[in-house]
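Colleague: Below is one structure. I have some questions about it.
The values are calculated or read from the model by the stated rules, or taken from the named source; none is laboratory data. Here the structure is a predicted model, which means the values were calculated and not measured. Cβ placement follows ideal geometry from the backbone for every residue including glycine, while neighbour counts extend to all protein chains displayed. Just the protein is used for accessible areas: all its heavy atoms, side chains included, with ligands, DNA and RNA removed. Shrake-Rupley method; radii C 1.70, N 1.55, O 1.52, S 1.80 Å.
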Amino acid sequence: MTTRFLTKQKKITMKKSGLLMIVGSLLLLGLFIYPLWNIQLGAPQYPDPLGMDIYITGIQGEGEFDIQNIDGVNHYIGMKKIPKPEDMWEFATFPIIIIGMVALGVIIGLFGFLGKISHNWFLGWFLLMMVLGILGMYDFNSWLLDYGTDLNPNAILNMTDADGNPLSYKPPMLGTAKILNFTASSYPRMGAYAMFVGMFLTLVAWWIGKSATKGRS
């Protein structure tokens, strides 16, 4: 009787683990609804900071004319225009990767719910998502570096440091920095939080599955 009861409890625990894996994976779909990141530029002449929301499918201004105004300011110091979706391969590739990870996570969670695979598959999905996230952040930082340093030498304003080198206008990847008379702030938004929560739930799913497996002996 006791053995049957424990076996039943373990099956229920694995079902909960599988459901958490499915829910955690589905939360990544929030990236298609909410912005992943946000960069704001504040200055005395802009009491309401100019802002751009970065989605996995493109970049949008927080206000109606924010992108236009940012491009106008950047033109004077030789920076490129804010890229459109067709200008960057990331905006075509990242959505495919996210859909693939969601589908993979749901399938793994379903098989875990049915008791067909080990809970270690949940950890494998989490680690893969971690690697993809790190690569994504590296790519994002590389874009910011190029955006802030690859300047037009024929720009109206050519600012240099004490050694005569062109100034870098790279916005921070995370945090706040002073760029000329602007204060640039860069922080995650709701899409990133949904992704973080989803990944955390898949880690919890693995831990619950691991606990159930430990109790088999």
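Colleague: Tell me the label only: which of (i) 9, 36, 38, 16, 2, 0; (ii) 8, 28, 24, 17, 12, 7, 3, 1, 0; (iii) 8, 32, 36, 17, 6, 1, 0 is P(r) over Cα pairs in 10 Å bins from 0, in percent as calculated from this structure?
Modeller: Among (i) 9, 36, 38, 16, 2, 0; (ii) 8, 28, 24, 17, 12, 7, 3, 1, 0; (iii) 8, 32, 36, 17, 6, 1, 0, the one derived from this structure is (ii).
Colleague: Would you calculate the separation in nanometres between label points at ASN165 and GLN68, each defined as 7 Å from the Cα along the Cα-to-beta-carbon direction?
Modeller: 3.8 nm
Colleague: Sort SER17, SER168 from largest to smallest accessible area, using a 1.4 Å probe on the heavy atoms of the protein chains. Mind dumping the intermediate values first?
Modeller: On the way: SER17 0, SER168 70 Å².
The ranking, largest first, comes out as SER168, SER17.
Colleague: Please give the residues of region 172-197, grouped as numeric ranges, whose backbone N is less than 15 Å from a label point set 7 Å along the Cα-to-Cβ vector of TYR76.
Modeller: Answer for region 172-197: 179-183.
Colleague: For the chain, what is the relative contact order in percent, using Cα pairs closer than 8 Å and at least 6 residues apart in sequence?
Modeller: Values: 338 pairs, mean separation 77.1, N = 217.
Normalised by residue count, the contact order of the chain is 36 percent.
Colleague: Then there's this: At 1.4 Å probe size, put MET129, MET173 in order of accessible surface, largest to smallest. It would help to have the intermediate numbers written out before the result.
Modeller: Values: MET129 10, MET173 60 Å².
From most accessible down to least: MET173, MET129.
Colleague: With every protein chain present, what accessible area does LEU180 have (1.4 Å probe, heavy atoms only), rounded to the nearest 10 Å²?
Modeller: LEU180 exposes around 80 Å² with every protein chain in place.
Colleague: With a 1.4 Å probe and every protein chain kept in, tell me what percent of the accessible surface of the chain is carbon plus sulfur. Present the calculation step by step, with values, prior to reporting the outcome.
Modeller: Numbers: 8310 of 12620 Å².
Carbon and sulfur: 66 percent of the exposed surface of the chain.
Colleague: Could you rank GLU86, GLU64 by how accessible they are, 1.4 Å probe, largest area first? Write out the running numbers ahead of the final one.
Modeller: Working: GLU86 140, GLU64 160 Å².
Per-residue accessible area, sorted high to low, gives GLU64, GLU86.
Colleague: Distance from a point 7 Å along Cα→Cβ of LEU19 to each backbone N in region 178-217: keep the residues under 19 Å and list them by number.
Modeller: Residues passing the 19 Å test: 198-213.
Colleague: On to the next question. Relative to the Cα centre, what is the charge dipole magnitude of the chain, using +1 at the beta carbon of each Lys and Arg, -1 at the beta carbon of each Asp and Glu, and rounding to the nearest 20 debye?
Modeller: On the way: 16 positive and 14 negative charges, 465 e Å.
Around 2240 debye, computed over the chain.
Colleague: State in Å² the accessible area per residue of region 20-212; use a 1.4 Å probe, count heavy atoms of protein chains only, and round to the nearest integer.
Modeller: Working: 10450 Å² over 193 residues.
I get 54 Å² per residue for region 20-212.
Colleague: Number of Lys pairs in region 20-212 with C-alpha atoms less than 19 angstrom apart, excluding same-chain neighbours closer than eight positions?
Modeller: Values: LYS80/LYS170; LYS81/LYS170; LYS84/LYS170; LYS116/LYS210; LYS170/LYS178.
Summing the qualifying lysine pairs gives 5.
Colleague: Say the dipole of the chain comes from +1 at the beta carbon of Lys and Arg and -1 at that of Asp and Glu; which of LEU145, LEU20, GLY72 then lies farthest toward its positive end?
Modeller: Towards the positive end, the residue furthest out is LEU20.
Colleague: Can you give the helix-only mean residue ellipticity at 222 nm for the chain, where every DSSP H stretch with n ≥ 4 adds -39500 (n - 2.57) and the sum goes over all residues, rounded to the nearest 500 deg cm²/dmol?
Modeller: On the way: 5 runs with 116 residues, N = 217.
Calculated from helices alone, the mean residue ellipticity at 222 nm is -19000 deg cm²/dmol.
Colleague: Please report the spacing between the Cα centers of region 120-181 and region 93-109 in Å, no decimals.
Modeller: The two parts, judged by their Cα centres, are 27 Å apart.
Colleague: Mean separation of Cα pairs under 8 Å and 6+ residues apart, divided by the residue count of region 1-117: what relative contact order is that in percent?
Modeller: On the way: 136 pairs, mean separation 40.6, N = 117.
It comes to 35 percent, rounded to a whole number.
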